[in-house]
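Everything on this sheet refers to the single structure shown next.
The values are calculated or read from the model by the stated rules, or taken from the named source; none is laboratory data. Fair warning: this is a prediction, and the values are worked out from it, not measured in the lab. Virtual Cβ from ideal backbone geometry, glycine too; neighbours counted across all protein chains shown. For accessibility, only protein heavy atoms count, side chains too; no ligands or nucleic acids. Shrake-Rupley method; radii C 1.70, N 1.55, O 1.52, S 1.80 Å.
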Amino acid sequence: ITITTNNGEVFAIKDGKKIDEKDLGKRSSFVSNINGDVALLAVTQNAEDKNAPKELYYIQDNNMTKLVNDAKGCRLSADGNAALYMSGASALSKIDFKRDKTTYIADQVGDYEISPNGEVAAYTIPGYGCTSVYIFDGKESSLVGDTFPANSTILGLSDKGNYIYIKGNSDNEAGPLYCYTRKDNEYVKLCDNFLYLICFNYNNTQILYTQ
């Protein structure tokens with residue numbers, strides 16, 4: 001767990017003991033894998049500025065390792081084996097913790113998600129009045145479609161990217177919901193007025209939502 005004190009100090013605890021004694025800054029985000037034994041912690045010295053760069057830490061086995069100094073956001077796979085993070089000019093990278101390998105994916109990324117097993121990522125690149133969606137298989141990126149509505153976001157994807165769920169506008173408005181099927185290399189519209197994601201099943205092959 002992470003604890004933020006009244007004076008803004010942030011520290012991480014496992015089994016009742018501090019993992020790191022130093023003052024990290026102010027907590028920006030904290031996410032753990034499904035088993036709770038791996039986590040990512042993002043902290044910043046300027047909590048009032050949402051765009052301020054964040055230090056990103058990887059926590060496992062009572063050890064805390066700094067990954068980058070200028071993270072803008074991150075996603076951790078459900079199994080904890082890999083993560084995505086954005087830095088710099090919205091540059092998206094993937095970290096494979098088991099192989100201790102970092103792979104650059106793309107620049108100017110808008111939104112992104114990682115598969116439960118950490119092998120595949122999906123991301124968006126905003127355009128003029130539209131959004132392009134890509135899938136990254138660990139080696140290269142492939143275009144899913146380049147005519148999705150402006151401000152489209154990735155809700156989630158299944159292992160191997162067999163299914164990718166895409167919301168066709170910003171999070172604050174109802175809009176179309178799409179599902180891309182990798183086997184058929186095509187996407188279909190599930191509904192026109194998607195409102196809220198309730199949950200996925202354990203491997204993100206099914207989705208429950210309201211409209």
Exactly one condition in (1) more than 22 Å from ILE34 (Cβ to Cβ); (2) surrounded by 14 or more Cβ atoms within 10 Å (Cβ to Cβ); (3) in contact with a Ser or Thr (Cβ under 9 Å, 6 or more places away or on another chain) is not met by LEU143; state its number.
(2)
Could you list all residues from region 147-183 that are among the basic types (Lys, Arg) and either under 16 Å from TYR112 (Cβ atoms) or free of Cβ contacts under 8 Å to residues at least 40 places away in the same chain (or both)?
LYS167, LYS183
Unmet requirement for GLU55, which otherwise passes all of (1) charged (D, E, K, R); (2) in a strand (DSSP E or B); (3) at pLDDT 85 or above; (4) open to solvent by 50 Å² or more (accessible area, probe 1.4 Å):
(4)
Among the residues of region 61-88, count how many are open to solvent by 40 Å² or more (accessible area, probe 1.4 Å), within 17 Å of ILE114 (Cβ to Cβ) and not hydrophobic (A, V, I, L, M, F, W, C).
4
Can we say GLU186 is without any contact (Cβ under 8 Å) to a residue 60 or more places away in the chain, under 26 Å from SER93 (Cβ atoms), surrounded by fewer than 21 Cβ atoms within 10 Å (Cβ to Cβ) and of a type in the set (Asp, Glu)?
no
Every residue in region 117-131 that is over 11 Å from the mean Cα position of the chain (by Cα), in a loop (DSSP other than H, G, I, E, B) and not acidic (Asp, Glu), please.
ASN117, VAL120, GLY127, TYR128, GLY129
